[in-house]
1. About its Cα centre, what dipole magnitude does the stretch 31-149 give when the only charges are +1 on Lys and Arg Cβ and -1 on Asp and Glu Cβ, stated in debye to the nearest 20?
2. Taking amide hydrogens as modeled 1.01 Å from N in the peptide plane, which residues meet the under 5 Å criterion relative to Val89, leaving out close sequence neighbours?
3. Amide H to amide H under 5 Å from Ser105: which residues, 5+ apart in sequence or cross-chain, H placed 1.01 Å off N in plane?
4. Over 29 Å between C-alpha atoms is what I'm after, so list which of Lys59/Lys119; Lys14/Lys119; Lys21/Lys91; Lys21/Lys59 land there.
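No lab work stands behind these numbers, since they all come straight from the coordinates. Just so it is clear, the model here is predicted, and its values are computed rather than measured. When we count neighbours, we look across all protein chains shown, and the Cβ atoms used for this are built from the backbone with ideal geometry, even at glycine.
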Amino acid sequence: MAFGKNSADQAKRKVQHEEQKKQIRERLRHIKHKILVMSGKGGVGKSSIAAYLAVSLAKRNYDVSMEILGLVENMSGLQCPYCGKIIDVFKQHGGRLTAENENLSLLATLPLVPEVVNKGDSGDMSLLDNHDHPVTQAFNNLVDEIVMLNAPGTIRVIEPAA
């Protein structure tokens, strides 16, 4: 009995998942470039990543518009403020598995860094100006990957004011 119920529940979830994917595709069809940002915890940090990414692209004179180019896993582990080692606080490899399941590129996995949290909470984006900081380097690598993924002409460069 439990097996049959479990199979029925799985089939129902699969149908719900397919309907959700259809709704998402419909809602986002008018957006040219899209990047998915996910968090191991679920509801925290994704808007911060989107804001940092938008600021980083804008600092390179790119017009930030949106097509799903890939997936960014945020909070993939906690960076110890003392030794720098990554501590797996949440489940591991969720970004990679989701990217594989959805046939997307995993663009980056970003650790949970207390300094980023503190600066983000206060709206301070100055971390992106510290090119020696590992998070800034990771963001710059992410931005480089996004720029490389775009065919020529698909990201509009904003000319700096004279």
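1. On the way: 10 positive and 13 negative charges, 40 e Å.
My answer is approximately 200 debye.
2. Leu78
3. Leu71
4. Numbers: Lys59/Lys119 18 Å; Lys14/Lys119 40 Å; Lys21/Lys91 23 Å; Lys21/Lys59 33 Å.
Checking Cα-Cα distances, Lys14/Lys119; Lys21/Lys59 exceed 29 Å.
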